[in-house]
Amino acid sequence: MIRWLRRLLVAVIVLVILATALAWWLLRGSLPTLEGETALQGLSAPVRIERDALGTVTIDAASESDAMRALGYVHAQERYFEMDLLRRTAAGELAELFGPRAIDVDKAHRIHRMRARVMDNLDAIAGDKLAQLQTYTDGANAGLSALRVRPWAYLALRQSPQPWAPADSALAGYAMYFDLQDSSNARELALWKLRPHLPEPLFALLAHPGTAWDAPLTGESFGDATLPTHDEVDLRALPAPDGDDIAPLAPKGTPGSNNFAVSGALTADGRAIVADDMHLGLRAPNIWFRARLRYPDARAPGGKVDVQGFTLPGLPAVIVGSNGHVAWGFTNSYGDYLDWAIETPCAAGPTPTCAQVESHHEQIAVAGSDAVDFEIRETRWGPILHERDDGNVLSLRWVAHLRGSINFGLADFAHAHHLGHALTIADRTATPTQNLVIGDAGGKIAWRLLGPLPERAGGCSSRHLVMNSGDTALPLAHGEEDWRIQHPCQSWSITTEASPAAQSPESDRLWTANARVVSGEALERIGDGGYAFGARQKQIRDALQAKDRFTERDLLGIQLDDRALLMTRWWELLRSLGNEDASPALRELSAASAEWQGRASVDSVSYRLVRAWRLAVHARLQDGLLAPARAAMGDDFTMPDLPQFEGVAWPLVQQRPMHLLPRRFDSWQALFEDAATEIRDELAQRGPLSGRTWGERNTARICHPLAGAMPGFLKPRLCMPADPLPGDGMMPRVQGPGFGASQRMVVSPGHEADGIAHMPGGQSGHPLSPFWGAGHADWAEGRPSPFLPGQSRHVLTLSPAP
């Protein structure tokens with residue numbers, strides 16, 4: 001018996017060793033080829049691919065076609081799984097990889113029928129880039145095929161990767177629409193639904209469009225809200241829902257991106273400097289891939305392209321970067337790019353008062369389960385997302401639905417000669433609409449919007465809900481109009497031209513940070529799609545206006561600015577309330593936050609306590625102000641995101657009018673104390689308040705998408721270090737545990753050697769690659785890292801196949 005058990009144990013050990021060896025062999029089999037020479041079909045001449053210590057790729061090719069073929073090859077070898085996720089996200093096809101857990105996400109995206117729209121319009125989307133798109137596609141499929149084993153993520157999912165197609169690059173572009181714009185238009189719908197249940201002065205207060213922290217490029221601050229009088233609104237006399245639960249704030253994440261620039265008038269040698277840090281959800285590997293492309297091209301200055309920066313695997317272009325003559329960067333613009341329509345479906349044929357409905361029957365493939373039938377209903381206006389009890393439907397028009405909403409014009413920035421040329425390219429470029437900031441080698445800078453803008457005509461405006469197949473419209477946001485139907489709406493199209501703009505020498509400093517940038521007629525045209533609170537943008541503007549001379553290091557310093565300017569006044573308020581007459585919770589919170597560092601630093605207790613208390617106060621104020629709508633709507637109520645609510649909350653806590661005090665509290669002091677009690681009790685579960693630092697909460701959770709499904713001992717290998725991180729959403733250094741600067745770039749065109757670049761998560765999607773997580777520490781610690789690729793560590797030559 002003992003001998004048999006020994007043999008069994010030996011057999012088990014041998015099997016474990018063999019299984020481990022096989023797994024290791026398979027895992028290493030999907031590593032990219034970094035060195036040597038390999039043949040690639042379709043090349044006209046050899047291509048040299050260099051990688052530096054961070055894995056930044058430099059591609060030297062004999063033509064644009066060869067460069068795009070090589071870029072596709074490298075993208076697929078390093079990031080094919082991530083490319084696949086992009087196309088599947090846009091098309092609503094994730095369940096085919098991940099199984100039933102992804103069905104709801106697929107339905108929410110599939111309803112927009114992006115794959116069908118791309119296939120119907122691929123020639124127009126590709127335009128004169130069709131050949132470039134095809135060579136990129138061929139390179140990507142060759143790179144995938146050249147791997148000895150399919151990428152490791154497919155092994156883990158027990159799936160096989162499907163080939164890349166030109167349409168998939170368009171879908172990768174549309175995936176950014178889903179990331180950067182709300183495809184459900186939830187905020188606008190929530191505001192419209194609750195408006196009839198609030199006194200108009202109360203709705204106007206909640207929808208106040210700005211704060212004293214506004215810092216637009218053109219126009220003035222809207223200032224904080226003026227509180228309604230007792231005669232206009234008496235919250236104490238209005239209905240409120242039963243129960244003690246306080247409605248939570250709408251989920252916000254940690255929104256933010258920054259870009260800014262200074263012209264040559266503000267630098268020692270006349271150079272323009274562009275800074276850009278795009279903030280997105282963070283993962284390992286990073287969404288971007290750093291690359292430098294060099295090849296002869298008669299369209300480029302001097303007959304040669306030398307463009308470098310951040311590419312998006314799946315697209316044949318440098319997305320943000322510099323070509324030695326022009327440097328450019330983006331932030332999300334948050335204009336109003338979606339509109340609802342209330343329509344009456346026709347019972348038979350279409351009539352002037354009803355809308356014809358077309359049905360599309362699709363199947364959602366589901367890994368490990370049966371396919372799911374999914375019916376999509378559309379009107380002329382767009383897909384139907386909601387059905388009402390009265391038989392009407394809510395259909396949605398989104399710029400992303402329309403022909404001309406995406407193209408590959410970004411690739412042309414590689415050939416831009418100067419600022420004016422780049423702005424001309426921008427006129428014909430379609431991408432999710434961004435704030436574009438550009439600088440050129442002559443020291444000039446400019447801002448404009450890049451991407452499609454709605455052209456609403458015949459009574460449509462960015463403040464209206466279209467009604468009855470486009471016949472009438474309903475105001476949605478703060479304005480002079482009554483909430484009832486009153487305006488005709490005859491057309492709604494898009495254009496990429498005629499954006500508002502600002503340029504040097506009139507503007508030698510430019511800045512954007514997702515907040516409102518323009519005013520007046522330009523704002524009326526662009527609309528408000530939920531602009532970010534302006535504190536971060538103001539902090540950048542003020543830093544730029546505080547000096548008359550700048551270097552690249554100065555602009556990096558602004559990107560890394562974690563000063564808590566907004567929170568300082570809330571700290572002063574908390575300290576003033578925590579006197580001996582206050583509740584124990586308020587006194588304890590005040591005492592624990594006595595030492596104010598004035599920054600969102602990892603060791604700051606006071607920042608964490610004050611931030612949490614401010615949000616708890618905001619929640620109680622919003623709960624009270626929206627109580628009449630909650631009481632009337634019941635389960636149909638949805639808390640709207642109110643990004644400008646600081647401009648309401650601060651006047652309330654300063655003036656403390658009894659007629660605007662939420663009904664559940666007897667005094668303003670009681671409201672402040674209740675908020676303090678919640679925060680104290682929540683944080684005390686972790687230990688003494690004196691030990692609750694900001695870094696304890698703001699700890700990095702940056703992992704591969706499959707990390708959560710892996711055994712516990714493997715998960716740390718698929719995540720970046722769990723470092724405490726400085727910064728937050730209301731300062732330039734935007735940082736959450738899984739959200740923040742997906743890249744940082746500070747560069748002057750023509751002076752790239754002085755440039756700075758950061759990227760979290762590393763270049764490679766393979767955990768055994770030397771470039772997994774490479775450069776992440778520089779990003780986390782804010783250490784200057786060169787924009788230019790460093791010394792070559794690995795060289796791969798792609799040769800034309802015989």
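The values are calculated or read from the model by the stated rules, or taken from the named source; none is laboratory data. Source: prediction; values computed, not measured. All Cβ positions, glycine included, derive from the backbone under ideal geometry; neighbour counts span all protein chains shown. With ligands, DNA and RNA removed, areas are computed over all heavy atoms of the protein, side chains included. Shrake-Rupley method; radii C 1.70, N 1.55, O 1.52, S 1.80 Å.
From the list Arg587, Arg541, Arg549, the lone residue that is surrounded by fewer than 19 Cβ atoms within 10 Å (Cβ to Cβ) and in a helix (DSSP H, G or I) is Arg587. For region 90-119, the set of residues classified as without any contact (Cβ under 8 Å) to a residue 60 or more places away in the chain and open to solvent by 30 Å² or more (accessible area, probe 1.4 Å) consists of Arg101, Asp104, Val105, Arg115, Met119, listed by residue number. Every condition in (1) part of a loop (DSSP other than H, G, I, E, B); (2) aromatic (Phe, Trp, Tyr); (3) farther than 30 Å from Ala446 by Cα holds for Trp213 except the one numbered (3). In region 198-234, which residues are more than 20 Å from Gly520 (Cβ to Cβ) and of a type in the set (Phe, Trp, Tyr)? Phe203, the sole residue that qualifies. Inclusion of Arg69 among residues that are part of a helix (DSSP H, G or I), among the basic types (Lys, Arg) and under 27 Å from Arg793 (Cα atoms) is warranted.
Of everything listed in (1) under 23 Å from Pro316 (Cβ atoms); (2) at pLDDT below 95; (3) not polar (S, T, N, Q), the single unmet condition for Arg79 is (2). Among the residues of region 231-249, is there at least one that is within 18 Å of the chain's Cα centre (by Cα) and open to solvent by less than 10 Å² (accessible area, probe 1.4 Å)? Looking for residues that are within 18 Å of the chain's Cα centre (by Cα) and open to solvent by less than 10 Å² (accessible area, probe 1.4 Å), one finds none in region 231-249, hence no.
For Met730, the conditions (1) out of contact with any Gly (no Cβ under 8 Å at 6 or more places or on another chain); (2) surrounded by fewer than 22 Cβ atoms within 10 Å (Cβ to Cβ) all hold with the exception of (2). Checking every residue in region 667-678 against the condition of being among the polar types (S, T, N, Q) and within 26 Å of the chain's Cα centre (by Cα) gives zero matches. On inspection, Ala341 passes the criterion of being at pLDDT below 95, over 25 Å from Asp123 (Cα atoms) and assigned to a strand (DSSP E or B).
Filtering region 346-364 down to residues that are surrounded by 15 or more Cβ atoms within 10 Å (Cβ to Cβ) and within 31 Å of the chain's Cα centre (by Cα), which residue is nearest to Gly99 (Cα to Cα)? Going through the qualifying residues, I end up with Ile364. The test for being among the small types (Gly, Ala, Ser), surrounded by 18 or more Cβ atoms within 10 Å (Cβ to Cβ), under 27 Å from the mean Cα position of the chain (by Cα) and within 14 Å of Ser606 (Cβ to Cβ) does not hold for Ala592. Of all residues in region 133-150, one or more are part of a loop (DSSP other than H, G, I, E, B), closer than 30 Å to Pro767 by Cα and either of a type in the set (Asp, Glu) or open to solvent by less than 30 Å² (accessible area, probe 1.4 Å) (or both).
Can you confirm whether region 249-260 contains a residue that is touching a residue at least 24 places away in the same chain (Cβ under 8 Å), polar (S, T, N, Q), touching a helix residue (DSSP H, G or I) at 6+ places or on another chain (Cβ under 8 Å) and assigned to a strand (DSSP E or B)? Yes - at least one qualifying residue is present in region 249-260.
Residues in region 373-419 that are part of a strand (DSSP E or B), of a type in the set (Phe, Trp, Tyr) and surrounded by 20 or more Cβ atoms within 10 Å (Cβ to Cβ): how many?
Taking region 373-419 as the starting set, the residues that turn out to be part of a strand (DSSP E or B) are 373-378, 383-387, 393-398.
Checking which are of a type in the set (Phe, Trp, Tyr) leaves us with 374, 398.
With the extra rule that they be surrounded by 20 or more Cβ atoms within 10 Å (Cβ to Cβ), the set shrinks to 398.
Of the residues in that region, 1 qualify.
Based on this model, can you work out whether Ala317 counts as out of contact with any His (no Cβ under 7 Å at 6 or more places or on another chain) and over 28 Å from Thr495 (Cα atoms)? Break it down stepwise before answering.
Numbers: out of contact with any His (no Cβ under 7 Å at 6 or more places or on another chain): yes; over 28 Å from Thr495 (Cα atoms): no.
In short, no.
Whether any residue in region 497-519 is crowded, with 19+ Cβ neighbours inside 10 Å, within 30 Å of Glu781 (Cβ to Cβ) and in contact with an Asp or Glu (Cβ under 9 Å, 6 or more places away or on another chain) is what I want to check. Within region 497-519, one or more residues are crowded, with 19+ Cβ neighbours inside 10 Å, within 30 Å of Glu781 (Cβ to Cβ) and in contact with an Asp or Glu (Cβ under 9 Å, 6 or more places away or on another chain).
One residue alone among Trp570, Trp511 is in contact with a strand residue (DSSP E or B) (Cβ under 6 Å, 6 or more places away or on another chain) and of a type in the set (Phe, Trp, Tyr), and that residue is Trp511.
Just to be sure before I move on: is Pro640 over 26 Å from Arg536 (Cα atoms) and open to solvent by less than 10 Å² (accessible area, probe 1.4 Å) in the structure I sent?
Details: over 26 Å from Arg536 (Cα atoms): no; open to solvent by less than 10 Å² (accessible area, probe 1.4 Å): yes.
When the stated conditions are applied, Pro640 does not pass them.
Quick grid of which residues meet (1) in contact with a Leu (Cβ under 9 Å, 6 or more places away or on another chain); (2) crowded, with 23+ Cβ neighbours inside 10 Å; (3) among the acidic types (Asp, Glu):
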residue: Gln41; (1), (2), (3): no, no, no
residue: Ser44; (1), (2), (3): no, no, no
residue: Glu50; (1), (2), (3): yes, no, yes
residue: Thr58; (1), (2), (3): yes, no, no
residue: Ala67; (1), (2), (3): yes, yes, no
residue: Ala70; (1), (2), (3): yes, yes, no
residue: Val74; (1), (2), (3): yes, yes, no
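Here Ala707 passes the criteria (1) under 28 Å from Asp182 (Cα atoms); (2) at pLDDT 95 or above; (3) surrounded by 17 or more Cβ atoms within 10 Å (Cβ to Cβ) except the one numbered (2).
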